[in-house]
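Below is one structure, written out as structure tokens; comments come after it.
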Amino acid sequence: MTNQETRSEEENAIHLNYMREALSMAELALHTSETPVGCVIVHPSHGIIGRGMNATNRTRNGTMHAEFIAINEILSPSPESSNASSLTNLSSKSPPFVTENEEERKSLYPFPPRILNESTLYVTVEPCIMCASLLRQFGIKRVFFGASNEKFGGTGGVLDVHLGNGKVSGIESNETVRTTSNQEEQMAHRRNGDYEVSGGWLREEAIVMLRRFYVQENGRAPEPRRKADRVLKLEVEPLEGGGGV
Amino acid sequence: MNSESAESHCVPAPAPAPPADGGQLIPLKTILEIRAAVRVLNVYITTVPIQKASSTLGLVRTLVPRDGGYDFQHLRRFAKPGVVPEGVRRRYFEGCGEDGPESLRSSVDENEGLKEEGCEEETKIFLLIAATSIISPSSLLPSLESILGPGVKLSTTEIPLLAPTSAEQAKGWSEKYWPCVYKKSIPFGPHVAIVSRAQEEVLRGVRGWMDSAWGLADAAREEGVGEGVGVVIVERRGGEARVVVGAGDGRWCRWGREEGGEGNVTAHAVMRGIGMVSEGLARDYTSPSAIPPFPDTEGGIFRNHPLLDLENDLPEKEVDVGGYLCHDLEIYCTHEPCVMCSMAIVHSRFGRAVFEKRMCGTGGLCADEGGLGHGLWWRKELNWTMLGWRWVRPLGFREGRVDVVDVELDA
């Protein structure tokens, strides 16, 4: 995993800017009783092409993480398009990206799926295992995240889905990969879909955002836990080895 | 942990017994079960007079609180020489450069115990002290000698790091490493009794649900909306199990194949099934989270509404509107779900997951070596675990029909 130390000041400033955009999406989630995780997807020439925030509560669907919402925004037909309704009719099974009129396609679907191959995801919390696999299968180019996710993380936290789909040789997942494999071996493991990952960007802000949420009640869980006594802690312990911002 | 090492050989899984007439459910193994078969830890052992056994162990607990984080619950802390493997006994005496009593190096009668010259009346037993990585002999020996007197012998030996998962495994390890105890409440998998009770329930309906799932898979492929993958979601209430959702793969529905790529990743059969359940759950439109109505499940990439006639016809009842996600529902999949879908099943709080075709290159549920090894159906780090099985047909895969799905597909 690379981090900001190896990048120029100018480049860091660009990444931090996009991460602030992701944080503002997380903040939006917080205000609508969703777990405050936010993201933006950025294309080198189009800028921000998609924004997402966790939507699992509002949709009653535990898979509606920020990454899904952002990709949905990118690959959906433009809402302003008057012809969109004909193509989004559920009974229509014809592929959207195949129309005889290329101009029409562009007006309805501004971006084809392959745009993700050139795009970078900025997300406040490390993608979970599910999202890491989603990103892999859609072929994202790069991922920058804020806080690590030791419970669900799919890009280093629990699994390394971004490298060879997380397949581990031998018996011990994390330890083996981290201690015995050198760069060359890792390259041999790489398959189509591997992507670059960098963590620790605005990590403290992302963590404080989560803590603000966890002092609220989540009334929808089957057995709501009392959180009234919880106190919001604002200081964040530094990462070991000084990896954070 | 440097002191842990892997055995060079793997214990091959026993071949499943021939399926009975109704087919067979094979419980999935957890990632910890798979690892337990091959992981050992180096520890110090010694011998102590029975009369001083508990005071010595008390001292060890002071020197190495909580055993340094290692769990020895599956191991005998004290072992009579007769139950300690012969090789371990021999190394103990030879390694110390002293001769042990002849009776120890050969086969020892368990009841006779261990007697040393000069202490004819004193019976000694072996004590498992601590992991070699936790404490050094130089800090261990002076303390032990304060209780046991001078000339305490230490030896190192390997013990299985994790608890055995069967009585047979415990017996094998007891003969090879150190006396082990098999407790049915293994700390790294669902309780055996819970699995077998659930398995009886699942076995009664699995064949019909799997057939329905294959029906959806065939329809999805034939209609051109997706790959030949299908799932059926079942609700079990008061002993009665009924289908609430059926979903075929929809990755090519309104999606251009010639664009390349893997199609609409969010429209895998599992993701569609979960989406259909969510559509049936009650929405509280007065809560702020209901505003704005987003994401748009109609016009976007999500395929949470029926695309196939079978998806309309299969459900025997509606989703319980008061449910929480897919809490304790059961999912029956034609193929082992990909990593994304496996984790989606975990996030959705399913209670049971069953699949028929193993997907070694892409599947996320199984822990077995030979696949990705993620074992997502039951992992301690995750906040949800379920029960999981592979279903084996009585007459072989799909009774002779051919599965057209590519083995490398993310199902």
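The values are calculated or read from the model by the stated rules, or taken from the named source; none is laboratory data. All of these numbers come straight from a predicted model, not from anything done at the bench. All Cβ positions, glycine included, derive from the backbone under ideal geometry; neighbour counts span all protein chains shown. Keep in mind that these areas ignore ligands, DNA and RNA; they rest on the heavy atoms of the full protein, side chains included. Shrake-Rupley method; radii C 1.70, N 1.55, O 1.52, S 1.80 Å.
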Enumeration of residues in segment A:7-57 that are farther than 13 Å from A:Tyr122 by Cα and hydrophobic (A, V, I, L, M, F, W, C) | A:Ala13, A:Leu28, A:Ala29, A:Leu30, A:Ala55
Please tell me if B:Phe350 is in a loop (DSSP other than H, G, I, E, B), touching a strand residue (DSSP E or B) at 6+ places or on another chain (Cβ under 8 Å), open to solvent by less than 10 Å² (accessible area, probe 1.4 Å) and in the same structural domain as B:Gly215 (by TED's automatic domain parsing).
-> yes
How many residues does segment B:305-321 hold that are within 13 Å of another protein chain (Cβ to nearest Cβ), assigned to a loop (DSSP other than H, G, I, E, B) and under 25 Å from B:Gly388 (Cα atoms)?
-> 2
Wholly inside segment A:104-202, strands (runs of 3 or more DSSP E) that include 2 or more residues that are modelled with pLDDT under 95 and aliphatic (A, V, I, L, M) are none
Selection within segment B:356-391 - within 12 Å of chain A (Cβ to nearest Cβ), closer than 23 Å to B:Met210 by Cβ and of a type in the set (Asp, Glu) = B:Asp368
Among the residues of segment A:63-73, which ones are surrounded by 24 or more Cβ atoms within 10 Å (Cβ to Cβ) and over 11 Å from the mean Cα position of the chain (by Cα)?
-> A:Thr63, A:Met64
Looking only at segment A:48-70, which residues are facing chain B (nearest Cβ under 7 Å) and assigned to a helix (DSSP H, G or I)?
-> A:Asn57, A:Arg58, A:Thr59, A:Phe68, A:Ile69
In segment B:298-323, what residues are open to solvent by 50 Å² or more (accessible area, probe 1.4 Å) and either over 18 Å from B:Val231 (Cβ atoms) or acidic (Asp, Glu) (or both)?
-> B:Glu298, B:Asp309, B:Asp313, B:Glu316, B:Glu318, B:Asp320, B:Val321, B:Gly322
Among (1) more than 30 Å from B:Gly238 (Cα to Cα); (2) of a type outside the set (Lys, Arg); (3) within 24 Å of the chain's Cα centre (by Cα); (4) not in a loop (DSSP other than H, G, I, E, B), which single condition is B:Leu203 missing?
-> (1)
Considering only residues that are within 7 Å of another protein chain (Cβ to nearest Cβ) and in a helix (DSSP H, G or I), look in segment B:259-268 and name the one that is surrounded by the fewest Cβ atoms within 10 Å (Cβ to Cβ).
-> B:Glu259
Which strands (runs of 3 or more DSSP E) does segment B:37-145 wholly contain that include 3 or more residues that are modelled with pLDDT of 90 or more and surrounded by 15 or more Cβ atoms within 10 Å (Cβ to Cβ)?
-> B:39-49, B:119-131
For segment B:326-347, how many residues meet the condition of being touching a His at 6+ places or on another chain (Cβ under 8 Å) and either surrounded by fewer than 19 Cβ atoms within 10 Å (Cβ to Cβ) or assigned to a loop (DSSP other than H, G, I, E, B) (or both)?
-> 1
Picking from B:Leu162, B:Leu154, which residue would you name as being in contact with a Leu (Cβ under 8 Å, 6 or more places away or on another chain), open to solvent by 30 Å² or more (accessible area, probe 1.4 Å), of a type in the set (A, V, I, L, M) and within 22 Å of B:Lys52 (Cα to Cα)?
-> B:Leu154
